[in-house]
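The values are calculated or read from the model by the stated rules, or taken from the named source; none is laboratory data. Remember, it's a predicted structure, so these values are computed and weren't measured experimentally. Glycine also receives a Cβ, built like all others from the backbone with ideal geometry; neighbour counts cover every protein chain displayed. Note: areas computed on protein heavy atoms with side chains; ligands, DNA, RNA excluded. Shrake-Rupley method; radii C 1.70, N 1.55, O 1.52, S 1.80 Å.
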Amino acid sequence: MSESPQFGAAPTNLDFEKSLMFFHAYMYGPLKGKLRLYGARSIPQGSIAMSSDWEVFASMLVKDLGRKFGAGIDLANYEVKSAKRGSSYEYQYHKNTGLDKLAKDAEVGHLFFDYFDNLSEVDLRYLHGSKMLEFFGKWLEEYPDPYPQRYRKNIPYGFVKKNGTLLMTLKDGEVVFPAMTVIEVPLRIGEEDSEPSQQDE
């Protein structure tokens with residue numbers, strides 16, 4: 001099964017500007033505020049971020065809209081997964097749609113977020129489903145009949161780290177990979193004085 005450029009190929013032009021605005025406003029910033037309140041009241045923290053937050057973040061990064069019109073992959077061309085660094089990525093297949101979903105997972109791109117220290121560090125890696133057939137093929141062969149209450153499977157973090165392509169690393173909410181370059185156009189001599197002063201008006 002070959003990787004199709006129309007169906008989940010590796011994204012090459014990430015939109016950091018819009019996606020990081022969302023990350024700071026709705027994920028990183030609120031979490032830091034909640035942790036201070038929880039700590040002051042000795043209450044254990046809940047989940048770091050909802051799966052839907054990661055899906056919106058990914059959607060903005062790769063410029064691919066979600067497709068929530070029923071069971072299927074998270075975005076139009078990508079499945080989005082998130083896990084605490086070192087933990088495996090869970091895939092869950094439901095009774096009526098699981099087989100179709102499993103077949104689809106083998107044909108699309110997968111975006112894997114891992115996070116550490118309450119989102120202070122976040123990595124994003126990419127793998128196409130065709131590179132994970134050792135999992136999807138085995139899961140298909142073992143697909144239960146009759147169907148149990150749940151059919152949950154996992155892809156190990158180590159496999160994703162070894163085989164995936166690193167797309168992004170955030171530290172303290174800022175992009176440290178890929179290297180971001182800011183090009184400043186130097187002023188020509190006298191250009192700073194080219195604006196008319198109020199005295200001239």
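I'm trying to understand the selection: among the residues of the range 90-142, which are hydroxyl-bearing (Ser, Thr, Tyr) and within 19 Å of LEU166 (Cα to Cα)? I'd like the intermediate steps shown before the answer.
We begin by selecting, within the range 90-142, every residue hydroxyl-bearing (Ser, Thr, Tyr); these are 91, 93, 97, 115, 120, 126, 130.
Of everything in the range 90-142, those that are hydroxyl-bearing (Ser, Thr, Tyr) and within 19 Å of LEU166 (Cα to Cα) turn out to be TYR115, SER120, TYR126, SER130.
Evaluate the range 79-100: report whether one residue or more is in a loop (DSSP other than H, G, I, E, B) and in contact with a Lys or Arg (Cβ under 6 Å, 6 or more places away or on another chain).
Narrowing the range 79-100 to residues in a loop (DSSP other than H, G, I, E, B): 85-88, 94-97.
Narrowing the set further to residues that are in contact with a Lys or Arg (Cβ under 6 Å, 6 or more places away or on another chain) leaves none.
Checked against the condition, which is being in a loop (DSSP other than H, G, I, E, B) and in contact with a Lys or Arg (Cβ under 6 Å, 6 or more places away or on another chain), the range 79-100 yields no hits at all.
Which residues, counting only those in the range 109-129, are at pLDDT below 95 and either on the phi < 0 side of the Ramachandran plot or open to solvent by less than 10 Å² (accessible area, probe 1.4 Å) (or both)?
None; the set is empty.
Just a yes or no: is a residue in the range 34-44 without any contact (Cβ under 8 Å) to a residue 60 or more places away in the chain and under 21 Å from PHE112 (Cβ atoms)?
Just the residues of the range 34-44 that are without any contact (Cβ under 8 Å) to a residue 60 or more places away in the chain, to begin with: 34, 36-44.
Cutting the leftovers down to under 21 Å from PHE112 (Cβ atoms) gives us none.
So far as the range 34-44 goes, no, none of its residues is without any contact (Cβ under 8 Å) to a residue 60 or more places away in the chain and under 21 Å from PHE112 (Cβ atoms).
From LEU99, LEU75, which residue is at negative phi, aliphatic (A, V, I, L, M) and open to solvent by 60 Å² or more (accessible area, probe 1.4 Å)?
Values: LEU75 fails: open to solvent by 60 Å² or more (accessible area, probe 1.4 Å).
Going through LEU99, LEU75 in turn, just one is at negative phi, aliphatic (A, V, I, L, M) and open to solvent by 60 Å² or more (accessible area, probe 1.4 Å): LEU99.
ARG36 is checked against (1) open to solvent by 60 Å² or more (accessible area, probe 1.4 Å); (2) at positive phi and fails just one. What number does that condition carry?
(2)
Have a look at TYR89, TYR151 and point out the one that is open to solvent by less than 70 Å² (accessible area, probe 1.4 Å), of a type outside the set (S, T, N, Q), more than 11 Å from the chain's Cα centre (by Cα) and farther than 30 Å from MET21 by Cβ. Reasoning before the result, please.
Working: TYR89 fails: farther than 30 Å from MET21 by Cβ.
Only one candidate qualifies: TYR151.
Considering each residue of the range 101-143, count those that are of a type in the set (Lys, Arg) and more than 20 Å from the chain's Cα centre (by Cα), and give that number.
We begin by selecting, within the range 101-143, every residue of a type in the set (Lys, Arg); these are 101, 104, 125, 131, 138.
Restricting the remaining residues to those that are more than 20 Å from the chain's Cα centre (by Cα) gives 138.
Going through the range 101-143 one residue at a time, the tally reaches 1.
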